[in-house]
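One structure is given below, encoded as structure tokens.
Quick note: the coordinates plus some simple rules give every number you see, no bench work behind them. Note that the coordinates shown come from a computational prediction; the quantities given were computed from them, not determined experimentally. Ideal geometry is used to build each Cβ from the backbone, glycine not excepted, and the neighbour counts take in all protein chains shown.
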């Protein structure tokens, strides 16, 4: 196996399955099929998060635009080209530039092509990079006409990070904001899911049609397909749990029987009912997220919510 990305994938899976609580990093859920399944999750009746996020972008578009001002350089963590990105770009007054940051070259190019067609007067300069790692700040200085640099992180992806990872991530965003040239305002426009009743949250992570289960089990299928493992997918089921102490939803793959799987010459045993932790989705109160952002050097400026008050889009600037 000579591909460095595949080597890292293999090592991450081996390391994760070797832990007392076996796990596989959630970032590996998003291969081509996994990404398509996640898009399908977003339109299930139970998954309120995307609907709330889009509602905010629709209901508050003008107010968000006024708050951000004119001549924005939008830097999105993710490949973009989704409905939220289009809604935001359409609402902005004289946006000058857009930089999607994505590790997948194919996804990045596809998103850039779509947006160039939809916004022919917008300077679009994709940046292939892992946005969970430090970014080359020089690559973001692309537009002398820009008056505001806005890092854009919609959805609730920050909920997938541990609190320590999220704080470090926000610190890197602060560095991107602080590196804007003199005279350019800078800030972060970010979405996060609010803590609410488990009765509301649990179905969103275990829909009746089984789309989320297929999404979770596809992780094992990918390990089989790309790394040569021998998971028997019929012997694993998806399970969502609410961890009240950590204030997060958790996804697991649970073994239906005692079994052993093999990967790269290593054997991993699972008891009946044994599980693999695959994903977290942390929930926040406005106060807890604001406090975490403050530790990272960011100060809350404005918030927008959906009608039910389940989700928040917030704007932060340097403290």
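Overview of results
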item: Among beta bridges that DSSP assigns inside the chain, antiparallel share in %, nearest 5; result: 60
item: Spacing of the two label points (7 Å from each Cα toward its C-beta) at residue 105 and residue 171, in nm; result: 3.2
item: Theoretical ellipticity at 222 nm over the chain - DSSP helices of four or more residues, -39500 (n - 2.57) apiece, nearest 500; result: -11500 deg cm²/dmol
item: For the chain, built as a Gaussian network whose Cα springs stay under 10 Å, the top-fluctuating residue of 95, 20, 120; result: 20
item: Cα pair distances of the range 234-303 binned at 10 Å [whole percent]; result: 17, 30, 23, 15, 14, 1
item: With eigenvalues of the C-alpha gyration tensor scaled by 5 and rooted, the range 89-233, Å; result: 33, 20, 17
item: Zone of residue 181's modelled label, taken as backbone nitrogen in the range 116-156 under 11 Å from a point 7 Å along Cα→Cβ; result: 141-147
item: Relative contact order of the range 241-281, pairs being alpha-carbon contacts under 8 Å that are 6 or more residues apart, as %; result: 43
item: Rg over Rh [alpha-carbon atoms, Kirkwood Rh] for the range 115-159; result: 0.98
item: Over the chain - Rg/Rh using Cα atoms and the Kirkwood inverse-distance radius; result: 0.98
item: Residue with peak Gaussian network fluctuation, the chain [Cα springs, cutoff 10 Å], from 127, 219, 263; result: 263
item: Full-stretch length increase - residue 8, residue 164 - with 0.36 nm per residue and alpha-carbon distance subtracted; result: 54.0 nm
item: Between helix 163-178 and the chain: long-axis angle, C-alpha atoms, 0 to 90°, nearest 10; result: 30
item: Chain lengthening between residue 286 and residue 121 when straightened (0.36 nm per residue, less Cα-Cα); result: 55.7 nm
item: Choice from 27, 84, 147 with maximal GNM fluctuation in the chain (Cα, 10 Å cutoff); result: 27
item: Viscosity 1.002 mPa s, 20 °C: Kirkwood-radius Stokes-Einstein D of the range 121-198 over Cα pairs, µm²/s; result: 151
item: Hypothetical label at residue 59: residues of the range 289-309 whose amide nitrogen lies under 16 Å (7 Å Cα-Cβ projection); result: 303-309
item: Simple spin-label estimate for residue 21 and residue 113 in nanometres, 7 Å along Cα-Cβ; result: 4.2
item: Nearest-ten-degree value, helix 32-41 long axis tilted from longest Cα axis of the chain; result: 80
item: Nitroxide proxy distance, nm - points 7 Å out along Cα→Cβ at residue 147 and residue 294; result: 3.1
item: Helix 105-118 vs. the chain, principal-axis angle (Cα, 0 to 90°, nearest 10); result: 40
item: Gain upon complete extension [residue 67, residue 264; 0.36 nm per residue less C-alpha separation]; result: 65.6 nm
item: Mean separation of Cα contacts under 8 Å (6+ apart) over length of the range 123-219, as relative contact order %; result: 31
item: Relative contact order (percent, whole number), the chain, Cα cutoff 8 Å, 6+ residue spacing; result: 20
item: Diffusion coefficient, µm² s⁻¹, Stokes-Einstein with Kirkwood Rh over alpha-carbon pairs of the range 1-105 at 10 °C and 1.306 mPa s; result: 95
